[in-house]
Amino acid sequence: KLCVDIKWIRKMNMLLKQILLACVCFIALTGQAIADPLSDAIRVYDTGDYEQAVKLFTPLAKKGNAEAQYVLGIMYRAGRGVTQDFNEARKWYRLATEQGHPIAPFYLGWIYAKGRGVPKDVIKGYMWLNIAIANAADGDERKKEFITDRDSLASSMTADQIAKAQALSKKCTAKKFKGC
């Protein structure tokens, strides 16, 4: 009887190993299929298929995904997969900023400072660049770029304009970027 039990245990052990191997193979093969929609959109964007990326990012952005909103801002600003449209870029950057995206306010500042799709407004440009600096994490390499761009813009502004922009930065931040 002991001999039969050992044979049965060996067969069960082998069967369990086969089931486990089948499960591992299934998970490995379906890993791409269960990726989240944002990861899929980013993967498509990274391949350079911008028209398809716009189709994937847009519903996510409309549902409030800050990263998707930010990337759509990039795409409209640069004309990637869409006709270049600074007003549309500004809309998506603003929505991403309102949700706390750390880089989107930098591009809002750039749009206003350069007058891209809006009247040139160095005060608003400085305000958004200042907000981007405040939002950037310490150690983030982009923070240096934000400071450089803000200081470059400041060199063409009066002291009163800078003071006004700094006050607007504080006010806008206190309102969580809504209505700025």
For this session: Could you please report the charge total around R90, scoring K, R as +1 and D, E as -1 over all other residues with beta-carbon less than 11 angstrom from its beta-carbon?
Result: +3
Exercise. Put +1 on the Cβ of every Lys and Arg and -1 on every Asp and Glu Cβ in the stretch 33-105; which of Y93, A68, V54 then has its Cα farthest towards the positive end of the dipole?
Worked result: Y93
For this session: Could you pull the accessible area for K55 with a 1.4 Å probe, rounded to 10 Å²?
Result: 140 Å²
Seminar exercise, completed: For S39, the net charge from surrounding residues (Cβ-Cβ under 13 Å; K, R +1; D, E -1) works out to -3
Exercise. What does the charge count near P59 come to, summing +1 for each Lys or Arg and -1 for each Asp or Glu among other residues with Cβ under 14 Å from its Cβ?
Worked result: 0
Problem set entry | I162 accessible area, assembled protein chains, probe 1.4 Å, Å² | 40 Å²
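The values are calculated or read from the model by the stated rules, or taken from the named source; none is laboratory data. Computed from a predicted model, the values in this text were never measured in an experiment. FYI the Cβ positions are ideal-geometry reconstructions off the backbone, even for glycines, and counts take in every protein chain you see. Side chains are part of the model used for accessible areas, which takes the heavy atoms of the whole protein and leaves out ligands, DNA and RNA. Shrake-Rupley method; radii C 1.70, N 1.55, O 1.52, S 1.80 Å.
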